[in-house]
Amino acid sequence: MSSEGLFAGLMTGTSLDGVDAVLARFGEHRVELLAHHNAPLPTDLRDTLLALTRPGADEIDRAGPCHRALGRLYADAVTALLERADVAPSRVTAIGSHGQTVRHRPGTDGFSLQLGCPDTLATATGIPVIHDFRNKDMVLGGQGAPLAPRFHEHLFADPERRVAVLNLGGIANVSLLDRGTLTGGFDTGPANTLLDLWYRRHQGGAFDRDGAWAAGGQVLPDLLDALLADAYFHRPPPKSTGREYFHLDWLTPFLREAPAPRDVQATLAELTARTVADALADFAPRRLLVCGGGAHNRDLMNRLSRRLGLAVESTDVAGLAPDRVEATAFAWLAWVWWERVPGNAPAVTGARRPAVLGRLTLPD
């Protein structure tokens, strides 16, 4: 790989808690993070995006303005990022923009739809944009997700031991790195998405800081067993999921006994810890690195440690802050697109072959 240019990466994850932007330079098993920036999502845009993850009326007419608005928000984030780094747009080779997933349907004739207009972003910044990273893999028979494992391999693989990288975003997913080689990866199930929605309904805040509310509740064994019986948790990989599957309407039928809300929160946290631990049981990692917003959830990290019987570490210890891993992964995917290097991993997604992921949108 030859490029030493600068690449920006953008991410609004399943949790919809803001726009993360990074500026980075890449080399062989190396990431040089030059700047980062975070911007909140306007409440009305966030609420509309949340609604669009579920089927409803007038979806196209509601999605179109969101597509443009999110493109403008991404452009503002890149402008602020470059101002912080004191870097001119002309020095940036490309922006890797994942967009906001509003529908992900793997399977026969599967597709994945992300909002965040790349033309708006490219023309506003004057920088080429690489986007639409999922669908090539899906056309090749893959899940189109998760997308970060090849980046995890690039940065976190250890030739001496088995390492698992766990992203705790709205959905939890794992990358399995066996002595330096990526051997698998998949979505294990819900992480912050159910925890945040339940907390917002009963406490009014955006999220359960440090998992303090969950930590004060009691796990309900019967409820946990009922949730664990869901078919998704027993499906073998490759597999992927999202908000369109795990949402409050999925949870509600299990709550016929009207349990205490705080105990439900504790049970949802235990559900995440249990499903991650079950997913990693056969791989038996010697090290677990955690990224995503859930890395700051002390209660969830403690539950994971107890379930797995090993220390659970933030990716901070491996050189990249947990809140910046996903945006950096999309800057990396833009870099490998520029180098014409495959960005997918058939061992993860089930695609028939490796492929260069993404499409190019130019500013003029």
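The values are calculated or read from the model by the stated rules, or taken from the named source; none is laboratory data. None of the values given here were measured: they were computed from a predicted structure. Don't worry about glycine lacking a Cβ; one is built from the backbone with ideal geometry, like all the others, and counts go over all protein chains shown. Just so you know, the surface numbers come from the protein's heavy atoms only, side chains and all, with ligands and any DNA or RNA stripped out. Shrake-Rupley method; radii C 1.70, N 1.55, O 1.52, S 1.80 Å.
Structure summary
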read-out: Among Leu147, Val165, Pro221 the positive-end extreme of the charge dipole of the range 142-254 (Cβ point charges); value: Leu147
read-out: Förster radius 45 Å - calculated FRET efficiency between Asp225 and Leu360, Cβ distance, rounded to 0.05; value: 0.40
read-out: Gain upon complete extension [Arg30, Asp282; 0.36 nm per residue less C-alpha separation]; value: 87.8 nm
read-out: Kirkwood-based shape ratio for the range 282-345, expressed as Rg/Rh from alpha carbons; value: 1.08
read-out: Per residue accessible area in Å² of the chain, where ligands, DNA and RNA are left out and the probe is 1.4 Å; value: 41 Å²
read-out: Extension gain from Leu310 to Ile60, taking 0.36 nm per residue of separation minus the Cα-Cα distance; value: 85.3 nm
read-out: Cα centroid separation - the range 105-145 against the range 203-271, whole Å; value: 30 Å
read-out: Net dipole in debye of the range 1-106 [+1 Lys, Arg Cβ; -1 Asp, Glu Cβ; about Cα centre; nearest 20]; value: 200 debye
read-out: Share of alpha-carbon pairs per 20 Å distance bin for the chain, given as whole %; value: 31, 60, 9, 0
read-out: Within the chain, helix-based [θ] at 222 nm, where runs of 4 or more DSSP H residues each add -39,500 (n - 2.57), nearest 500; value: -11000 deg cm²/dmol
read-out: Packing rank of 89-98, 55-64, 234-243, where each peptide gets the mean count of other beta carbons within 10 Å, highest leading; value: 89-98, 234-243, 55-64
read-out: Carbon/sulfur fraction of accessible area - the chain, other protein chains in place, 1.4 Å, %; value: 49 percent
read-out: Heavy-atom accessible area order for Asp76, Asp282, largest first, 1.4 Å probe; value: Asp282, Asp76
read-out: Contour minus Cα-Cα distance for Ala321 and Thr79 (0.36 nm per residue); value: 84.9 nm
read-out: If the convex hull is drawn through the Cα atoms of the range 129-282, its volume per residue in Å³; value: 145 Å³
read-out: Gyration tensor (alpha-carbon) shape descriptor, the range 1-144, a/c threshold 1.5; value: oblate
read-out: Cα gyration tensor shape for the range 1-40, rounded if a/c is under 1.5, else prolate or oblate; value: prolate
read-out: Degrees between helix 298-308 axis and first principal axis of the chain (Cα, 0 to 90, nearest 10); value: 70 degrees
read-out: Theoretical FRET efficiency, 1/(1+(r/R0)^6), r = Cβ-Cβ of Asp158 and Thr43, R0 41 Å, to 0.05; value: 0.45
